[in-house]
Amino acid sequence: MAFLRVQGIRKEFPGVVALDNVDLEIERGTVHVFAGENGAGKSTLIRALTGIMPVDSGTIHIDGRDTAEDKSLFDLVAYVPQELNVFPHMSVAENLFMPFDKSGFGGAVLSGSRMTREAQEYLDRFDIHARPDQAVGSIAVSDRQLLQIARAATKKSFQILILDEPTTSLTTKEIERLFKIIRQLRDEGKAIVFVSHKMDEIFEIGTTVTVLRNGQTVGHRAMDEVTEPELIRMMSGGEIRLDQTFLPETEPGEPILTVEHLSGRGFTDASFTLRRGEILGFAGLIGAGRSELMQGVFGYKKPKHGRIVLKGEELRLGSPAASVAGGVLYLSEERKLHGILPTLSVRENIGISVLDQTAPSGVISGSRERSIVGSVIDDYDIKTSSWEKKIMFLSGGNQQKAIIGRAMARRPDVLIFDEPTRGIDVRNKVEIYKIMKSLAEEGVGIIMISSELAELKRCATRIITMHDGEISGEFDTMTTDADTLVSAIIGSGELRHVV
Amino acid sequence: MSSEVAAETASPAKRTLASRIAAVPLLGVFTALVVIFVVSCMLSPHFLTPYNMTIISRTLAFVGLVTLGQSMLMILGELDLSLGAIAGLCGVVGGIMMVQMGWNPWLSFALCLALGTFCGMFNGFLVVALRLHSLVLTIGMAGVYGGANLVATKGVAITGIPDAIRVLGNSKLYGVPVPFVILVVALIVITFMAVKTPFGRYLYAIGNNPPAARMLGIRVDTIRVLVFAAAGFLSALAGMLMVARLGTAQPSIGEGWVLAPIAASVIGGVATTGGVGSPIGAILGAAIIGIIENIIVLFGVSPYWQSMVSGAIVVLAISFDSISRRYLRREG
């Protein structure tokens with residue numbers, strides 16, 4: 001019998017069946033991948049496996065014993081959530097061993113020297129570049145991610161390690177480091193559960209895969225017996241073509257946004273022109289200054305020098321309100337931080353963007369708001385049991401759709417899209433490409449920042465590369481090969497996050 | 001975590017009654033208010049008398065106006081601990097203008113409202129311009145405004161407020177004390193603003209997520225300053241009405257208006273973290289506190305014990321609300 005065995009579990013939330021008759025078997029010494037689109041039930045399944053969330057029916061056996069009879073079996077499961085979950089102002093060692101009683105530091109007085117010594121062992125073993133006494137807030141994001149995994153390992157009892165999209169904020173090199181650790185744990189006989197949207201990662205690290213769709217298990221496969229198109233078909237329930245491009249088919253129009261010699265924190269002397277009806281791609285490594293430049297253009301971070309001309313008029317620097325009034329919208333890669341208003345309803349989250357349409361007289365018209373919000377929810381296929389549901393209870397993909405939908409409802413002239421498909425599954429990626437294409441064909445100027453070169457080549461007519469805060473090149477997508485782009489992206493430095 | 005197919009087919013009717021009740025905003029605090037009101041009626045024959053109702057509603061009016069301002073700030077994610085000091089300062093400045101300088105009472109009244117607005121706006125300006133934490137800043141500003149009050153009065157009350165102003169504090173409209181009528185009008189205006197205008201939506205948006213609000217093109221800093229100014233205005237109004245009620249400008253006016261409005265807002269469902277709650281809830285919370293304090297007096301509890309008993313009951317009230325909500329949610 002498998003080490004972890006799930007039989008027929010079902011979980012219902014008010015208005016939604018999140019898991020329906022899910023079966024699963026996970027063996028020691030393997031990496032088991034959960035694959036599925038956003039909202040397929042992966043996160044709910046993980047919460048069931050960690051014991052955080054009780055299930056309505058079905059059984060979970062760990063090591064041959066029923067968890068319903070012995071809740072302490074869940075102590076064998078260590079979980080590393082997608083969002084970083086660390087105490088930034090406490091030391092690396094303290095973060096590592098918290099809660100102390102479960103990691104062998106049970107006494108009333110903590111021995112600082114012993115903690116430092118033992119922490120160093122974990123830091124070496126997990127290849128974390130930090131000192132035990134350093135504040136976690138001062139170490140790199142990738143090291144924090146590894147620290148969370150190390151923290152799971154300090155719990156003496158753990159046999160199953162669940163990693164929920166651990167690579168989202170990591171560079172290619174850091175991902176390699178993470179994979180080395182995962183393989184090491186696998187070879188020690190731990191059972192690893194790995195959740196990711198990135199196909200290349202799934203195929204590189206996975207032993208077996210379970211595909212979820214609409215809260216149900218669609219199938220189990222050994223990783224070496226399944227092909228990528230087959231896996232995507234299982235996840236989406238239909239055929240999705242990977243070679244399709246989304247370049248706008250209309251000719252670009254007049255220049256709409258001109259940036260001249262713009263400098264600020266993280267970017268220097270940037271000049272470029274965006275035309276109506278084109279998708280202008282920005283390629284570069286993480287930290288090359290693309291987001292900083294665009295936040296400067298939008299006014300979220302005030303640039304130090306330079307000039308921006310929008311539709312023939314000079315734009316006030318450092319004022320997002322002026323940019324929005326001029327028809328420029330910025331969609332951040334940080335959905336949670338910069339996008340949703342968590343405790344407001346779906347209706348209010350969408351309605352906030354269209355108040356000039358719903359309240360021309362200064363008083364919000366309920367019926368007008370309902371009609372616009374209704375069409376956004378329909379057009380962008382936002383799945384929610386009620387418009388009045390707080391948006392934080394929607395799945396990540398549906399939150400993203402709501403944010404895009406509300407931006408579109410404003411009818412922007414310029415749209416700056418920062419990593420539009422980060423954390424998005426294959427099917428929804430294609431939907432976003434289609435939206436960008438049709439907007440461009442209606443005359444909107446679109447700036448698309450992406451770390452996936454393949455994605456930029458499918459969508460952008462022109463690609464500007466950035467390296468170390470400066471624009472290092474401008475290329476026509478049709479006539480440029482990937483190698484040329486890559487060398488412009490990496491400049492003289494090393495190759496990191498280029499796909 | 002939502003299942004795509006299920007989300008479409010699930011019907012709202014499947015939600016249990018308990019979860020639907022829990023979803024109604026203000027129901028918890030309203031129920032608590034009704035329960036406390038009924039219990040008070042049963043406990044004391046003196047409670048439900050016209051005289052006592054007048055006292056309760058008039059006391060509620062003063063602290064309620066400050067609560068309205070504080071609750072808007074809390075929804076925005078800010079706090080102003082100097083609102084009581086602003087009320088006191090405006091009260092004594094009004095007294096000085098009317099009595100010692102002999103200015104027109106109505107002009108003085110209006111000038112004091114302007115002063116309160118300015119004090120609030122100045123707090124907001126410092127918070128925005130210097131990126132200060134409003135809690136700490138306004139502790140300091142409470143000292144500044146409270147000190148200015150003492151400098152101006154040397155701690156002595158100014159008596160002889162003109163009758164034209166005293167009428168505001170003491171007369172009734174259809175049997176309802178005028179200050180209470182003013183509170184109700186203010187509550188209606190602010191609730192309309194919160195629910196039906198873009199400004200109100202911006203308030204909640206900023207309280208929810210300030211960076212996201214800026215990204216949406218909302219003028220976050222302007223709105224912050226305006227709400228601080230509005231809270232200052234409402235506090236000055238409360239202070240002036242208190243002066244009108246007493247007939248003297250007491251330097252001690254506003255001393256009890258710092259923590260009670262915050263407690264009232266929390267009882268009424270306004271989160272200290274911002275973005276959640278409503279001005280109406282905060283006023284219901286203030287009414288609960290007002291009734292509790294009244295019934296303690298009616299019972300003849302020793303003045304030395306009053307503060308302790310009313311504090312303990314406030315803690316009970318918020319615990320009850322929190323526990324009942326958790327219970328109802330689990331049922332759903």
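For this structure, a couple of remarks:
- The phi-based Karplus calculation (6.51 cos²θ - 1.76 cosθ + 1.60; θ = phi - 60°) puts the 3J(HN,Hα) values of region A:412-428 at x, 9, 10, 10, 9, 10, 8, 6, x, 10, 4, x, 10, 7, 4, 5, 5 Hz, whole numbers, x for Gly and Pro.
- Förster-model FRET efficiency, 30 Å R0, B:LEU135 and A:PHE87, C-beta, rounded to 0.05: 0.85
- Compactness index (Cα Rg / 2.2 N^0.38 Å), region A:4-236: 1.04
- Among the trypsin sites (Lys or Arg not before Pro) within region A:132-224, those in coil by DSSP and having at most 10 neighbouring Cβ atoms inside 10 Å are A:LYS156.
- Cα gyration tensor shape of chain B, rounded if a/c is under 1.5, else prolate or oblate by comparing a/b with b/c: oblate
- Nearest-0.05 FRET efficiency for A:LEU337 and A:THR273, computed from C-beta distance (R0 30 Å): 0.50
- Modelled spin-label separation between A:HIS129 and B:VAL297, with each label point placed 7 Å from Cα along the Cα-to-Cβ direction: 6.8 nm.
- Isotropic mean projected area of the C-alpha convex hull, region A:175-326 (nm²): 13.6
- Rounded D (µm²/s) - region A:255-490, Kirkwood Rh over Cα pairs, Stokes-Einstein at 20 °C, 1.002 mPa s: 117
- Unsatisfied cross-links (Cα-Cα over 18 Å) in the set A:LYS336/A:LYS434; A:LYS173/A:LYS198; A:LYS301/A:LYS437; A:LYS42/A:LYS434; A:LYS336/A:LYS437; A:LYS301/A:LYS429: A:LYS336/A:LYS434; A:LYS301/A:LYS437; A:LYS42/A:LYS434; A:LYS336/A:LYS437; A:LYS301/A:LYS429
- In terms of Cα atoms, the Rg and Dmax of region A:414-480 work out to 12.2, 34 Å.
- Computed 3J(HN,Hα) for region A:90-97, one whole-Hz value per residue from the Karplus formula 6.51 cos²θ - 1.76 cosθ + 1.60 where θ = phi - 60°, is 9, 6, 4, 5, 5, 4, 5, 9, glycine and proline marked x.
- Summarising the amide proton neighbourhood of A:LEU19: residues at separation of 5 or more, or on other chains, whose placed amide H is nearer than 5 Å comprise A:LYS11.
- Paramagnetic reach from B:PHE125 (point 7 Å along Cα→Cβ, amide N under 11 Å) across region B:217-249: none
- Computed label-point distance, nm, for sites A:ASP381 and B:THR272 using a 7 Å Cα→Cβ extension: 4.5
- Taking all pairs of distinct alpha-carbon atoms in the protein assembly as shown, Kirkwood radius in angstrom: 30.2
- Extension gain for the segment A:ARG316 to A:VAL141, taken as residue separation times 0.36 nm less the Cα-Cα distance, is 59.6 nm to one decimal.
- Shown in residue order for region B:239-250 are the 3J(HN,Hα) couplings computed by the Karplus curve 6.51 cos²θ - 1.76 cosθ + 1.60 at θ = phi - 60°: x, 5, 5, 5, 4, 4, 5, 7, x, 9, 8, 7 Hz (x for Gly and Pro).
- Over chain A, dividing the summed -39,500 (n - 2.57) contributions of all DSSP H runs of at least 4 residues by the number of residues returns a 222 nm mean residue ellipticity of -9500 deg cm²/dmol.
- Multiplying each eigenvalue of the alpha-carbon gyration tensor of region B:111-167 by 5 and taking the square root yields semi-axes of 29, 15, 7 Å, largest first, rounded to whole angstroms.
- Percent RCO, i.e. relative contact order, over region A:255-490, from Cα pairs under 8 Å lying at least 6 residues apart: 30
- For region B:113-206, trypsin sites (Lys or Arg not before Pro) meeting the loop criterion (DSSP other than H, G, I, E, B) and having at most 14 other Cβ atoms within 10 Å: B:ARG131, B:LYS154.
- Label-point separation, B:ASN104 to A:SER361 (7 Å along Cα→Cβ), nm: 3.5
- Residues listed by number, region B:206-248, amide nitrogen under 17 Å from B:VAL156 label point at 7 Å toward C-beta: B:248
- In chain B, helical runs assigned H by DSSP with n ≥ 4 each contribute -39500 (n - 2.57); averaged across all residues and rounded to the nearest 500, the mean residue ellipticity at 222 nm is -24500 deg cm²/dmol.
Read-outs throughout are calculated quantities, based only on the coordinates presented, and are distinct from any laboratory measurement. No experiment lies behind these values; they were computed from the predicted model shown. Note: ideal-geometry Cβ built from the backbone for every residue, glycine included; neighbour counts use all protein chains shown.
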